[in-house]
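Scroll down for the structure; my scribbles are underneath it.
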Amino acid sequence: MNTFKLQIVAPDRIIYEGDASFLLVRAMSGDIGIQANHQKLVTPLTIGRMKVEFPDKEPRFAAITGGFMKVGGNCVTVLTSACEWEDEIDVERAERAAQRAKEARNVARSKEEMDHAEIKLKRALNRLSIAKK
Ligand code: ATP
């Protein structure tokens, strides 16, 4: 199986460093799938679901809170402000965050406050949609 080197880095930890056979991430323009020897690319990522396939184990899904992806030389680096594997997501925390964001949206008094609440809500709903049930 053709593989590439994948590194997924968040501010507080390295989420993954090793071989992968496929990566699916959400860019501004839509989902992007990466296989071995993909052409060079740098792209911003949005809040969404990430799927990683490995040569030797079951695929894993993660909630990702935006960032950047760099592809080149059969290496892929994902730099993200936050990322959790599906079994790491604290569902109650995400539910509380969603509730707070909805309340903040209801009392927003400016576009900035509304945008901030919308992004918070999107992050929480993304986590809830990916959390392992
Ligand atoms: P909250 O209001 O609950 O902190 P948030 O969307 O503001 O949510 P982030 O700023 O995106 O949180 O993330 C801060 C840190 O907390 C990151 O390390 C992220 O991985 C982690 N994190 C946030 N929400 C959850 C969750 N529901 N389950 C597990 N980890 C989480």
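The values are calculated or read from the model by the stated rules, or taken from the named source; none is laboratory data. What you see is a predicted model, and the numbers here were worked out from it, not measured in a lab. No Cβ is skipped: glycine too gets one built from the backbone with ideal geometry, and neighbour counts run over all protein chains shown.
Here Ala108, Ala62 are screened, and the one residue that is aliphatic (A, V, I, L, M), closer than 24 Å to Thr3 by Cβ and either touching a Pro at 6+ places or on another chain (Cβ under 7 Å) or surrounded by 13 or more Cβ atoms within 10 Å (Cβ to Cβ) (or both) is Ala62. Listed by first and then second residue, the pairs linking a residue in the stretch 87-98 that is in contact (Cβ under 8 Å) with a residue 40 or more places away in the chain to a residue that is within 6 Å of the ligand (Cβ to nearest atom) and assigned to a helix (DSSP H, G or I), with Cβ atoms under 6 Å apart and 6 or more places separating them unless they lie on different chains, are Ile89/Arg127.
Annotation: of all residues in the stretch 71-83 being without any contact (Cβ under 8 Å) to a residue 60 or more places away in the chain and surrounded by 12 or more Cβ atoms within 10 Å (Cβ to Cβ), the one that is farthest from the chain's Cα centre (by Cα) is Gly72.
Among residues of the stretch 86-97 being over 15 Å from Lys51 (Cβ atoms), of a type outside the set (Gly, Ala, Ser) and part of a helix (DSSP H, G or I), the one that is nearest to the ligand (Cβ to nearest atom) is Arg93.
In this structure, is Arg100 under 17 Å from Leu128 (Cβ atoms) and either assigned to a strand (DSSP E or B) or at pLDDT below 95 (or both)? No: the conditions fail for Arg100. Tell me yes or no: at least one residue of the stretch 36-45 is polar (S, T, N, Q) and within 16 Å of the ligand (Cβ to nearest atom). No - not one qualifying residue is present in the stretch 36-45. Taken over the stretch 103-133, residues that are within 22 Å of Arg26 (Cα to Cα) and modelled with pLDDT of 95 or more amount to 17. Looking only at the stretch 71-85, filter to residues that are touching a Phe, Trp or Tyr at 6+ places or on another chain (Cβ under 7 Å) and part of a strand (DSSP E or B); which one of those is nearest to Gly48 (Cα to Cα)? By that ranking, first place goes to Leu79. Sub-6 Å Cβ pairs linking a first residue in the stretch 113-131 that is without any contact (Cβ under 8 Å) to a residue 40 or more places away in the chain to a second residue that is more than 10 Å from the ligand (Cβ to nearest atom), at least 6 apart or interchain, are Met114/Ala108; Ala117/Ala104; Ala117/Arg105; Ala117/Ala108, ordered by first then second residue. Quick check on the stretch 36-48: of everything there that is in a strand (DSSP E or B) and not aliphatic (A, V, I, L, M), which residue is surrounded by the fewest Cβ atoms within 10 Å (Cβ to Cβ)? Step by step, filter the stretch 36-48, then rank; the result is Pro44. Of all residues in the stretch 10-29, those that are closer than 15 Å to Asp56 by Cα and more than 16 Å from the ligand (Cβ to nearest atom) have Cβ atoms under 9 Å from Cβ atoms of residues that are in a loop (DSSP other than H, G, I, E, B) and of a type in the set (Val, Ile, Thr), 6 or more apart or on another chain, in Asp19/Thr3; Ala20/Thr3; Ser21/Thr3. Could we say that Lys51 is more than 16 Å from the ligand (Cβ to nearest atom), basic (Lys, Arg) and not in a strand (DSSP E or B) here? Criteria not met by Lys51.
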